[in-house]
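Remarks on the structure that follows.
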Amino acid sequence: MVFEAEVRESIQRTGDVISIRFTKPAGFDYRPGQFIFISVGSGDHEITKHLSISSSPTEGFLEVTKRLTGHPFSNALISLKEGDKLRFKGPFGKFTFQGEHEKIAMLSGGIGITPLRSVIKYVDDKMLDTDMILLYSNRHENDIAFKKEFEELMAKNLKLRIINTVTMPGPSWSGITGRINTDMIKKHIPDYSDRVFYISGPTKMVDSMLTLLTEISIPINQIKKEIFTGYD
Ligand SMILES: Cc1cc2nc3c(=O)[nH]c(=O)nc-3n(C[C@H](O)[C@H](O)[C@H](O)COP(=O)(O)OP(=O)(O)OC[C@H]3O[C@@H](n4cnc5c(N)ncnc54)[C@H](O)[C@@H]3O)c2cc1C
């Protein structure tokens, strides 16, 4: 189904990531973790891309969050102003969570966080009893999207643990470093074999997470994935 939505605001999340918030059109419902096809421009100049919804259905707006690449679709999103209108189709996707599992583990890198932010916020708003661990990898500490919000959610939800790792730490970084690997999973998610895994991000990142999970014998039916094609 095609919807039209009005821009409410843009939020700079990191140096190269922005969120765009829209009014939620009447009749549009979605599950946490789903994506939409969003279009900018018109006629021959229309460009359409998949974007995961970073808001939760419990919030009174619709939000997408985009890594800025300097290419036309990104640039069109940057130039959106309050009151501008956009068309989108959706929702789509099965990378969803609404409390079906008691314990989940989420592995993500960079912009792959968007559907997981939706899931985490949904679980918190609905006060579900889900035990959630997110292992989130970024290049620099300044690249961690939703950092402050995640810290606030963790402070009030003892069943939410978020571990950030950075691969190129600055001098003030005191957290863990390096890419997600099997030792990191075993250390920070000791009950990993009891959890359903949610992995999301660009193709290479998801492929390497799948390899790691195979190495630690997580069966494929215990893994849900969302692959952000388009960055290859
Ligand atoms: C299910 C799904 C969900 C997704 N969710 C999100 C999301 O929440 N947030 C998000 O940011 N993305 C998401 N994506 C990816 C998104 O759809 C886009 O593919 C991606 O953002 C790149 O689009 P772009 O217009 O910025 O860049 P594009 O112009 O499509 O370029 C993509 C890459 O191709 C290369 N490239 C393109 N043109 C050139 C050129 N002329 N010269 C050299 N290199 C070039 C660049 O390396 C660039 O980084 C999702 C994808 C899928 C499939």
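In table form, for the structure just shown:
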item: Every pair of residues 6+ apart whose Cβ atoms lie under 7 Å, when the first sits in region 215-232 and is at positive phi while the second is charged (D, E, K, R) and in a strand (DSSP E or B); result: 230/49
item: Residue in region 193-201 that is open to solvent by 20 Å² or more (accessible area, probe 1.4 Å) and either in a loop (DSSP other than H, G, I, E, B) or within 16 Å of the ligand (Cβ to nearest atom) (or both) present; result: no
item: Residue count for region 21-42, restricted to those that are modelled with pLDDT of 95 or more and either touching a helix residue (DSSP H, G or I) at 6+ places or on another chain (Cβ under 9 Å) or assigned by TED's automatic domain parsing to the domain that holds residue 120 (or both); result: 7
item: Any chance residue 140 is more than 16 Å from the ligand (Cβ to nearest atom), without any contact (Cβ under 8 Å) to a residue 40 or more places away in the chain and under 25 Å from residue 202 (Cβ atoms); result: yes
item: Positions within region 1-29 being in contact with a Gly (Cβ under 7 Å, 6 or more places away or on another chain) and open to solvent by less than 50 Å² (accessible area, probe 1.4 Å), in sequence order; result: 7
item: Residue 27, sole failed condition from (1) within 11 Å of the ligand (Cβ to nearest atom); (2) at positive phi; result: (1)
item: Counted residues, region 93-116 - those being over 11 Å from residue 200 (Cα atoms) and near the ligand (Cβ under 10 Å from one of its atoms); result: 1
item: Those residues of region 205-222 which are open to solvent by less than 60 Å² (accessible area, probe 1.4 Å), under 22 Å from residue 92 (Cα atoms) and either away from the ligand (no atom under 16 Å from the Cβ) or out of contact with any helix residue (DSSP H, G or I) (no Cβ under 9 Å at 6 or more places or on another chain) (or both), in sequence order; result: 222
item: Test: residue in region 184-194 that is in contact with a Phe, Trp or Tyr (Cβ under 6 Å, 6 or more places away or on another chain) and touching a residue at least 40 places away in the same chain (Cβ under 8 Å); result: yes
item: Hey, residue 161 more than 16 Å from the ligand (Cβ to nearest atom), under 19 Å from the mean Cα position of the chain (by Cα) and open to solvent by 80 Å² or more (accessible area, probe 1.4 Å) or not; result: yes
item: So residue 176, is it open to solvent by 30 Å² or more (accessible area, probe 1.4 Å), β-branched (Val, Ile, Thr) and farther than 21 Å from residue 227 by Cα; result: yes
item: Strands (runs of 3 or more DSSP E) enclosed by region 43-147 - at least 3 residues per element that are at pLDDT 95 or above and open to solvent by less than 10 Å² (accessible area, probe 1.4 Å); result: 61-67, 103-109, 131-138
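The values are calculated or read from the model by the stated rules, or taken from the named source; none is laboratory data. Everything numeric here is computed off the predicted structure, so don't read it as measured data. Positions of Cβ are backbone-derived with ideal geometry, glycine not excepted, and every protein chain shown enters the neighbour counts. Accessible surface is based on the protein model in full, side chains and every heavy atom, while ligands, DNA and RNA are left aside. Shrake-Rupley method; radii C 1.70, N 1.55, O 1.52, S 1.80 Å.
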